[in-house]
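The next block holds one structure in the form of C-alpha cells; read it before the comments.
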Amino acid sequence: MKETIGVLGYGRFGRALSGLLSEASLPHRVFDPRLDEVPPKLQAGSLEELASRSSILVLAMPVSGMRAALKELRPHLTPEQLVIDVGSVKVRPVHMLASVLGRDIPWVGTHPLFGPASLARGDVRRTVVCPNPLHPEAVRRTRELFEKLGCSVTEMSPEAHDVLMARTHVLTFFLAHGLVKAGVGKDLPFAPPSFHPVARLEEYARTEVPHLFAVVQAENPYAREARVGLLEALTQLHEGLDLASESARGTGAETAPPGLKDVRERIDTVDRELVALLARRAQLVKDAARVKSEHGLPFPDPERESSMLDARREWASRAGLNTRALDDVFRAVLRVTRDSALEPDEEAG
C-alpha cells in the first residue's frame, strides 16, 4: 500500500519535509491555518479534509500546540491511520500522543535530525524513531517512511533520546547563545585558527533557527540538569586555574594533600550522577501518577511505598550498608520525587 501523507504545519520543518516528500514522489497534502503560505496544489482546506485524505499524519508544529491539535484531530481518525510527531524533544510529545490517542489510534514519536540548513549543506539525514509497544506495526511504517526520504533510522526510547539531546543539542545551543551574550568575536582585528570553531558556534546561535533555543531548553526535561553540570564543571575548572595561578605566584595558598583533589572531583561526579538519577526517578513517578489518575488509582500509595522501603533495606543489607541510615535516604527520595510529581504540569495552565 502506498502511503499518503498529511502534514499539519508549514513552518520551517514542514516546508522542508514537503520538499523531501515531493522528491521521493510521495503524495501529500498540507494544512496550516495560514493557508496563503501553502502552495495551492498542496492545500487541504481543513483538518478534517487532511485527515480524510491521509494514511499518515505528521504533526510538524511546536510542542506547545500539539495537545490541542491532537484533540481536534482525534474525532477524524481511524485505527488504519498513523500519527507521528517530529519534535526535537520526545518525552512530552510521546506522553501527549499516548494520552490522546492511546491504544485506539497508532502513533509514533520521531525526531528527524535535519532541517532546511542541513539539507542545503547535503548533510547525512538521520532520524530517531521511538519504539512503541502499543503499536509495533506503526513503528515499522514510520521507519519505512523515513527510509524512503533517504534517512538512516535509529530507534531510541523518549527518555534516552532527551538525555542524549540534553548532552548535545541543548548544550550546543546553551554555549552558542552564551558566546553571543558575552560579545565573543566582536570587533576583532584578527583571530588565531584556534578561535575559528568558537566563531562558527557563535554564528550558529545568531543565524541557525534562534527560536529553537528557548524550545529545547524549556521542553527537554533533562536540559537544566545538563546546563548545571556544565556550569559546575566550568566553575571547577575556573577555580582550579585560580588556585594554580596563586600557587605559581608563590602566594602560599593552601593546596589539598596529594590525591585528595582527585578523590573530591570523583565524589562530585558521583553526586552529579545521583542528582541526574533523582531527576529521572521524579519523571517516572510523574508518569506513574498520570497513569494512576487516568485509572482512578490512589497516589501516593502508602502500602506500595512501605513494601518498596522493605525491599531497599534488604538491598542495603546485601551491599553492606547501614540499613537504618539508608531508610532515611529512601524516605527522602520518595518525598522529593513525590513532591515533583504533585507539581502541576506547565501545559495545564
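Say whether the condition of being open to solvent by less than 40 Å² (accessible area, probe 1.4 Å), at pLDDT 95 or above and in the same structural domain as Lys148 (by the TED database) is met by at least one residue in the range 114-124.
No, that holds for no residue.
Can you tell me which residue in the range 289-334 is modelled with the lowest pLDDT, limited to those that are basic (Lys, Arg) and over 27 Å from Pro93 (Cα atoms)?
Checked the range 289-334; the qualifying residue modelled with the lowest pLDDT is Arg324.
Select, from Leu179, Leu277, Leu201, the only residue that is assigned to a helix (DSSP H, G or I), modelled with pLDDT of 75 or more and open to solvent by 70 Å² or more (accessible area, probe 1.4 Å).
After applying the criteria, what remains is Leu277.
For Ala332, state whether it is touching a residue at least 12 places away in the same chain (Cβ under 8 Å) and either loosely packed, with under 13 Cβ neighbours inside 10 Å or part of a helix (DSSP H, G or I) (or both).
Criteria not met by Ala332.
I'm checking my understanding of the structure. Among residues of the range 305-329 that are open to solvent by 80 Å² or more (accessible area, probe 1.4 Å) and not charged (D, E, K, R), which one is nearest to Lys286 (Cα to Cα)?
Checking each candidate, the answer is Trp315.
Go through (1) under 20 Å from Leu149 (Cβ atoms); (2) polar (S, T, N, Q); (3) surrounded by 15 or more Cβ atoms within 10 Å (Cβ to Cβ) and name the single condition Ser22 misses.
(3)
Within the range 47-67, track down each residue that is in a loop (DSSP other than H, G, I, E, B), touching a strand residue (DSSP E or B) at 6+ places or on another chain (Cβ under 9 Å) and either of a type outside the set (Lys, Arg) or more than 13 Å from Arg29 (Cβ to Cβ) (or both).
Ser54, Ser55, Ala60, Met61
Would you check if Gly87 is touching a residue at least 40 places away in the same chain (Cβ under 8 Å), surrounded by 21 or more Cβ atoms within 10 Å (Cβ to Cβ), closer than 19 Å to Cys130 by Cα and of a type outside the set (Val, Ile, Thr)?
yes
Which pairs turn up if I take residues in the range 291-317 that are in the same structural domain as Ala332 (by the TED database) and over 22 Å from Asp339 (Cβ atoms) and look for partners that are polar (S, T, N, Q) and assigned to a helix (DSSP H, G or I) with beta carbon separation below 6 Å, at least 6 apart in sequence or on another chain?
Arg313/Thr323; Ala316/Thr323; Ser317/Thr323
Looking at (1) in contact with a Ser or Thr (Cβ under 8 Å, 6 or more places away or on another chain); (2) charged (D, E, K, R); (3) surrounded by fewer than 17 Cβ atoms within 10 Å (Cβ to Cβ), which one does Arg29 not meet, given that it meets all the others?
It fails just one condition, (3).
Give the residue, chosen from Arg74, Arg53, that is open to solvent by 10 Å² or more (accessible area, probe 1.4 Å) and under 24 Å from Pro133 (Cβ atoms).
Arg74
The values are calculated or read from the model by the stated rules, or taken from the named source; none is laboratory data. Note that the coordinates shown come from a computational prediction; the quantities given were computed from them, not determined experimentally. Counting neighbours? That spans all protein chains shown, and the Cβs are built from the backbone with ideal geometry, glycine included. Accessible surface areas use protein heavy atoms only, side chains included; no ligands, DNA or RNA. Shrake-Rupley method; radii C 1.70, N 1.55, O 1.52, S 1.80 Å.
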